[in-house]
Each structure stands twice: as C-alpha cells, then as structure tokens.
1. Is it fair to say Asn51 is modelled with pLDDT of 85 or more, in contact with a Leu (Cβ under 7 Å, 6 or more places away or on another chain) and polar (S, T, N, Q)?
2. When the stretch 92-109 is examined, which residues are found to be modelled with pLDDT of 90 or more, in contact with a Lys or Arg (Cβ under 9 Å, 6 or more places away or on another chain) and surrounded by 16 or more Cβ atoms within 10 Å (Cβ to Cβ)?
3. Could we say that Asn153 is free of Cβ contacts under 8 Å to residues at least 40 places away in the same chain and either over 30 Å from Lys75 (Cα atoms) or part of a loop (DSSP other than H, G, I, E, B) (or both) here?
4. What is the number of the single condition among (1) in contact with a Phe, Trp or Tyr (Cβ under 6 Å, 6 or more places away or on another chain); (2) modelled with pLDDT of 90 or more; (3) of a type in the set (A, V, I, L, M) that Leu133 does not meet?
5. Just to verify a result, which residue in the stretch 38-59, among those that are among the small types (Gly, Ala, Ser) and in a loop (DSSP other than H, G, I, E, B), is farthest from Pro83 (Cα to Cα)?
6. Are there any helices (runs of 4 or more DSSP H) wholly within the stretch 82-133 with 1 or more residues that are more than 15 Å from Leu165 (Cβ to Cβ) and either touching a residue at least 40 places away in the same chain (Cβ under 8 Å) or more than 14 Å from the chain's Cα centre (by Cα) (or both), and if so which?
7. Since Val159 meets every condition but one in (1) surrounded by 17 or more Cβ atoms within 10 Å (Cβ to Cβ); (2) modelled with pLDDT of 90 or more; (3) within 16 Å of the chain's Cα centre (by Cα), which condition does it not meet?
Amino acid sequence: MIKRITSNQSAIKLHAGKQKAKNGLPDFLAFHREELSSLPKALENPGIFSNILITGPGLESNLTLLQEYISGLKKNIKVICDPHPGFLTLAGFPGNTEYRPGKMAEADGGYLLLPMRALTEDSNLYFLVKEVLQTGKIDFLTLPEMTGSKEMNRFHPSVDTRFRLILAGEEGEVDFISGIDPDFYDSFLLRFIYHMKQ
C-alpha cells in the first residue's frame, strides 16, 4: 500500500546551533590559534600597532564573530563593526538641527572593524576612512555627492573621532588597495595572514 505524504509532513526544520568557543575562539578562528596569539599584544600597543590588517578567506562573512572575539579581548573598549559600510553609515548624517552619528563617530576611543571588499568596490570610501584616520575629523564638505546627500547639511561642524581601524579581507583586496594607495602598508604595521585548512 502506498501512502500519500503531504508537504507539511515532509517539511524539514533546521535549527542553527550556537557557536561554541574552542579555547576562547569561535569555530572559524580556532585553527588560527598561533596567528591570533599576537593579536592581544597588538591591541594593547596602539603606539606600535596603530591599525591592524587581517587577511584570509571567509573572514568578511564572519565579521560579527570576529567583532565578538575582539570585544572579549578588550572588555572596556568598544568594538564597532559595519559589515556593509557606506558613506552615510560610516560618516553619519548631519541634518539641519541634529547629527545622526555614523560608525566612525561611534567608534571614537575604540576600534572600527570593516570588511575590505566594500573599500575595494568604492575606493572613495577607502579614502574617506583614510582621511578621518589622518585628521581625526569627519569633514562633511569633503564627502562626495551621493544618494541622500542633497538633504545633508554639508556645513555642519566637523565631528572629532579617533579610533583604531581593523580591516578584514582577502589577499586580492589588499593587493588592489595597495595598488591605488602606495602609502597603504605604512598605515598597517601589523598584519595577520590566515590560511584555511583544507
């Protein structure tokens, strides 16, 4: 006898398991234990390691897990992550009466974690971040024309912000950015390179 099965009876329900830490590291970082052993020292020494570059496959898709890991290392310092950065999400939006802070202003006094892919897709975004790192200010007059910029008050006073940048991406993205900015490597005194185990 053949029994008819409805779609409700054959539905499969998947439940995402909670990420378990292995020796304090999320799964996707667990095999990078040796490379990451120097990360706490780098975070503790801003005078030596002003910004940090981490490269390897799969990092950008796990940016929030990397943020959680760094937050665990630096409990008293904020770690702001923007997985999909744009001009307005990074710089914020200066209206006529108030300023809606972006991720760079939120990261003041802490760390800003960004994926390199967005900076390679729009090199103007990279140069915005570089300018803010160099000057310590978000200057709205220098922002390029973009969607929504007509409502922006470009004469809003500059916003002071000092943060340490952590870029995560792949080797090809590093090569691309270093090709458009010859000073790129001077900004990143410490560099971690990860290799996925096959």
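The values are calculated or read from the model by the stated rules, or taken from the named source; none is laboratory data. Keep in mind it's a predicted model, so treat the numbers as computed, not measured. Backbone-built Cβ (ideal geometry, glycine too); neighbour counts: all protein chains shown.
1. Numbers: modelled with pLDDT of 85 or more: yes; in contact with a Leu (Cβ under 7 Å, 6 or more places away or on another chain): yes; polar (S, T, N, Q): yes.
Taking the combined requirement at face value, the residue satisfies it.
2. Matches in the stretch 92-109: Glu106, Ala107, Asp108.
3. Working: free of Cβ contacts under 8 Å to residues at least 40 places away in the same chain: no; either over 30 Å from Lys75 (Cα atoms) or part of a loop (DSSP other than H, G, I, E, B) (or both): yes.
No: the conditions fail for Asn153.
4. (1)
5. First, the residues of the stretch 38-59 that are among the small types (Gly, Ala, Ser): 38, 42, 47, 50, 56, 58.
Adding the requirement that they be in a loop (DSSP other than H, G, I, E, B) leaves 38, 47, 50, 56, 58.
Details: Ser38: 24, Gly47: 27, Ser50: 21, Gly56: 16, Gly58: 13 Å.
Taking the candidates together, the pick is Gly47.
6. Numbers: elements: 87-91, 103-106, 116-121.
So the answer is 87-91, 116-121.
7. All conditions pass for Val159, except number (3).
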